[in-house]
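> If you scroll down you'll find the structure; I have some questions about it.
The values are calculated or read from the model by the stated rules, or taken from the named source; none is laboratory data. Model, not experiment: these values are computed from the prediction. Ideal geometry is used to build each Cβ from the backbone, glycine not excepted, and the neighbour counts take in all protein chains shown.
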Amino acid sequence: MSETTENLHQLPLGDWHRALGARMVPFAGYEMPVQYEGVMAEHIWTRTEAGLFDVSHMGQLQLIGEGAADALERITPGNLSALAAGKIRYTLLLAEDGGILDDLMVTNTGEHLYLVVNGATKHDDIVYMRGQLPDHLTLTHLQDLALLALQGPKAAAALARLDIQPLQADWPKPTDLYFMEAGPFLWNDIPLGISRSGYTGEDGFEISVPAEHAVALVTALTEMEEVRPIGLGARDSLRLEAGLPLYGHDMDADILPVEADLNFALSKARREEANFAGAERVLAQYPDKADKRRVGLFVDGRQPIRDGAAVVDAAGATIGNVTSGGFSPTLQRPIAMAYVPMELSATGTAITVEQRGKAIACTVADMPFVPHHYHRKSKP
């Protein structure tokens, strides 16, 4: 929050947010809406209706060239070469020592790879990837696109009323996609990239749209009774309830995947190949040999604990740290994420957190705190 208004980038929808009375704050180098009517109300609306988030600060990248997936696997532990057209995979961008430089979504469009990376790290990510990838591959920052996230149990019904059509006749409509599927679409002759994904734990969609058409799209969506614009504040509380880590808080270059409780991102095929950046160091911790692990915490009482609070032992010595925390509107209690010694990471373990000189009792809790409601394909 140290950025000044003068050096902040503006979102394509910046004026639209201000016209709706959004409170704008610095975030990831941009001036972004933190709330409209209030974090609690916006959080609950997204859990029960459909919330529309502007996430245009995220980096949208295109990677083109023969062997792009194989090359990207050199610096990620995801099985990208096996990713079918129209499918999405969550993976991690790893440094040479295995530290997490970012987390990202990778989509195989059938013609190229489409990547979504975090807004605060996108420029560093681009520099790193260009230095690591072969010269014949072309990595393009798609700066002329906006990115929206429509999230909540009524998101699909709202999107269906826009009469969005698949770009290819044999492709499903957006509301026929399942979780972690994507495709190219047209709305009023405007090209859209739509994925069934998001970072709230709810069913929903992320929509990539040319920036010059973003106002038309958000206007059409928010004219629907069930759709309201939602700010960064509720986005953070929703992802915390969903147990989803935020880069720069719950993981960074000093954290390894197992420590971050992201074992699922280390695919079996890639573990066997062991040829990704930092593989030896990363796999030495797999599956449970790290010294510490990210866990969820239920916090006693009503006072939330915040990023930076210390996890302490019986003698008051620091043995871990809280990385995210806040009040859960759904559960009506404080929750948090923290790094604790591996031997204290089991569900139900008593943990003490010290904040502003006060000892607060916590208990290790399963994540997600609130069940996910992704639209998954039923298993036969």
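> Within the range 306-349, which strands (runs of 3 or more DSSP E) (wholly inside it) include 3 or more residues that are of a type outside the set (A, V, I, L, M) and in contact with a Phe, Trp or Tyr (Cβ under 9 Å, 6 or more places away or on another chain)?
318-328
> Just checking, which of Asp70, Asp97, Asp135 is of a type in the set (D, E, K, R), outside the structural domain of Gly152 (by TED's automatic domain parsing) and under 21 Å from Leu256 (Cα atoms)?
The conditions single out Asp97.
> Continuing with the same structure: If I go through the range 295-323 residue by residue, how many of them are under 14 Å from Pro245 (Cα atoms) and surrounded by 24 or more Cβ atoms within 10 Å (Cβ to Cβ)?
Going through the range 295-323 one residue at a time, the tally reaches 3.
> Within the range 8-64, track down each residue that is part of a helix (DSSP H, G or I) and either without any contact (Cβ under 8 Å) to a residue 12 or more places away in the chain or in contact with a Cys (Cβ under 9 Å, 6 or more places away or on another chain) (or both).
Within the range 8-64, Asp15, Arg18, Ala19, Ala41 meet the criteria.
> Give the residues of the range 194-230 that are farther than 22 Å from Asp144 by Cα, crowded, with 24+ Cβ neighbours inside 10 Å and touching an Asp or Glu at 6+ places or on another chain (Cβ under 6 Å), sorted by residue number.
Ile230, the sole residue that qualifies.
> Every residue in the range 109-136 that is in contact with a Phe, Trp or Tyr (Cβ under 8 Å, 6 or more places away or on another chain) and either under 17 Å from Ser195 (Cα atoms) or polar (S, T, N, Q) (or both), please.
Asn118, Thr121
> Please identify the pairs in which a residue from the range 107-134 that is without any contact (Cβ under 8 Å) to a residue 24 or more places away in the chain has its Cβ atom under 6 Å from the Cβ atom of a residue that is surrounded by fewer than 16 Cβ atoms within 10 Å (Cβ to Cβ), counting only partners at least 6 apart or on another chain.
none
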